[in-house]
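Scroll down for the structure; my scribbles are underneath it.
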Amino acid sequence: MKVTTIGTGYVGLVTGACLAEMGNHVVCLDTNSDKIRILNEGEIPIHEPGLAEVVRRNVASGRLQFTTNVDAAVDHGTILFIAVGTPPGEDGSADMQYVQAAARSIGARMTDYKLVVDKSTVPVGTADAVRNAIEGELARRGVALEFSVVSNPEFLKEGAAVEDFMKPDRIIVGSDDERATLLMRALYSPFNRNRDRLVVMDLRSAELTKYAANAMLATRISFMNEMALLAEQVGADIEWVRRGIGSDPRIGHDFLYSGAGYGGSCFPKDVKALIRTAEAAGSGMRVLRAVDEANERQKLVLVDKVVQRFGDDLRGRHFALWGLAFKPNTDDLREAPSRVVIAELLRRGATICAYDPVAMAEAQKALAGLEGLGYAASANAALEGADALVIVTEWKEFRTPDFEFIKSALKQPVVFDGRNLYEPPLMQALGIEHWGIGRGTRAPGASV
Ligand code: UDX
């Protein structure tokens, strides 16, 4: 089938590449000519496992093309995915200007039937707004052309996006139009594998499903983070509690890890946007407000522990920091807890030497100009002469480090383990002072 993705960011690029992989002829449009040039040269602008191979293979086969030419891109696709950004506006609500512009550019140029698919995470009611924008342009041109608008939210985890797209556990389609539903069924049929994964519903329910899914996941994390705080206060270990509650199939084991707070381009933004949507609809959303507030607080939990250990004034203190990306397998620093930890440690006068396996180049751009922040070429090199190690992201290579080296490189063996990578009894046996999240005892030997 002929497909166009409008917006070649994270979602548009993964969608376009994976649809090309299934045999579709895909044109990816973006207004950023640098990005399109890089892609046409066979490079990809983001770190996403497996994506470069899919892009290169399909570019080579001629099924995947990148362009800045809006006319050609709109003309090409029968199915047009809108995958542009919806950044948070000042009040936390999603900024819809790029979606609106994409819709208008379709209406202004289309000459035959188009199926317009909202792929970006957009507030409830956006499909109607997109339809209105296209109709407005058609009316302005004085032409009557058929088109459909459907909602097809993405559920791609960064670091596993290609896998998530290729092997979805569900494909949500919001549609009120038979022709569009049939086209979407056909497009996604290769992804069904052993059972029909398409869930077709009305437009608004599909739009809300995306937000509800992310809000539910964010709620689980904030809940576990608060439970971890309580575990510390009452002398329990959140890791046991996690295993204990996860074995109830109604709760399940996934997504119950307490840590340094959730980040990324979705959870913080979507939780805030859903709160704004609820406000506008006259609904309270008390639970989500608490989820958001708890997460903001959680990002400071590691600093609280540092302060408890080293005092309020951190002038003259130097810390090694492992992990800058908001989670492993990505170089994305959007809303990363590391940013809050770094800002707060620096504000208190400390200096930092940071290391991340892939996000270092991104960090140097995003955190440019922060005085007192330096980078090391390896995890071990970051440790040299530091007062303590602060771990913010659970990269695999941090899981079984050379503990003896950690002990010898740090001024004193103190580890603030923001992702509960290490077991307190082992740390105690090794003589490392270990500060986990919700691990009952605060330091080896300390009674709670
Ligand atoms: C998320 C959703 O999972 C995906 O379906 C949606 O489409 C986009 O948003 P992503 O932002 O890539 O994906 O990351 P995810 O793996 O969901 O993690 C989000 C944040 O939660 C990370 O900061 C992670 O460290 C944190 N997290 C996750 C926890 O703190 N504890 C957990 O148990 C799981």
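The values are calculated or read from the model by the stated rules, or taken from the named source; none is laboratory data. Quick caveat, the model's predicted, so the values are computed rather than measured. Here the Cβ is made from the backbone with ideal geometry for all residues, glycine too, and neighbour counts use every protein chain on show. With ligands, DNA and RNA removed, areas are computed over all heavy atoms of the protein, side chains included. Shrake-Rupley method; radii C 1.70, N 1.55, O 1.52, S 1.80 Å.
Annotations
- Computed [θ] at 222 nm, helices only, for the chain once each DSSP H run of length n ≥ 4 contributes -39500 (n - 2.57): -13500 deg cm²/dmol
- Solvent exposure, largest accessible area first (probe 1.4 Å, DNA, RNA and ligands not counted), of TYR113, TYR98: TYR98, TYR113
- Measuring nothing but how far apart in sequence close Cα pairs (under 8 Å, 6+ apart) lie, relative to its length, the chain scores a relative contact order of 12 percent.
- Ranking MET216, MET166 from most to least accessible surface, computed with a 1.4 Å probe over the protein chains only, gives MET216, MET166.
- Once both labels are positioned 7 Å from their Cα atoms along Cα-to-Cβ, the gap between MET216 and LYS407 label points is 4.6 nm.
- Average Cα contact separation per residue, the range 144-239, under 8 Å, 6 or more apart, as relative contact order %: 27 percent
- Top of THR86, THR67, THR400 by mean-square fluctuation, Gaussian network on the chain, Cα under 10 Å: THR400
- Modelled label positions at SER205 and LEU300, each set 7 Å beyond Cα in the direction of Cβ, lie 4.2 nm from each other.
- Take the Cα of THR111, step 7 Å toward its Cβ, do the same at LYS157, and the gap between the two points is 4.5 nm.
- Solvent-accessible area, 1.4 Å probe, carbon plus sulfur percent, for the chain: 52 percent
- Cut-off 14 Å between beta-carbons: net charge of the residues surrounding GLY16, Lys and Arg +1, Asp and Glu -1: +2
- Other residues whose C-beta falls under 13 angstrom from the C-beta of THR68 contribute a net charge of -1, scoring Lys and Arg +1 and Asp and Glu -1.
- Per residue solvent-accessible surface (Å²) - the range 347-401, probe of 1.4 Å: 45 Å²
- Per residue, in Å², the accessible surface of the range 1-106 once ligands and nucleic acids are set aside, probe 1.4 Å: 40 Å²
- Distance from the Cα centroid of the range 296-336 to that of the range 56-79 is 42 Å (rounded to whole angstrom).
- Highest GNM mean-square fluctuation among PRO168, PRO123, PRO337, for the chain modelled with Cα contacts below 10 Å: PRO168.
- GNM flexibility winner over the chain from SER151, SER283, SER93 (Cα, springs under 10 Å): SER283
- The range 294-420 shape via C-alpha gyration tensor axes, a/c threshold 1.5: rounded
- Anisotropy class assigned to the range 184-289 is oblate, per the alpha carbon gyration tensor with a/c at or over the 1.5 cut-off and a/b no larger than b/c.
- A 1.4 Å probe run over the range 148-295, with the rest of the protein chains in place, finds 46 Å² accessible per residue.
- Per residue, the average separation of C-alpha pairs within less than 8 Å and at least 6 apart gives the range 46-192 a relative contact order of 22 percent.
- Rounded, prolate or oblate (a/c below 1.5 giving rounded, otherwise prolate when a/b exceeds b/c) for the range 75-214 by Cα gyration tensor: oblate
- Protection proxy ranking, peptides 236-248, 426-438, average beta carbon neighbours within 10 Å, highest first: 426-438, 236-248
- If you take all other residues with their beta carbon under 13 Å from the beta carbon of PRO413, and give Lys and Arg +1 and Asp and Glu -1, the sum is -2.
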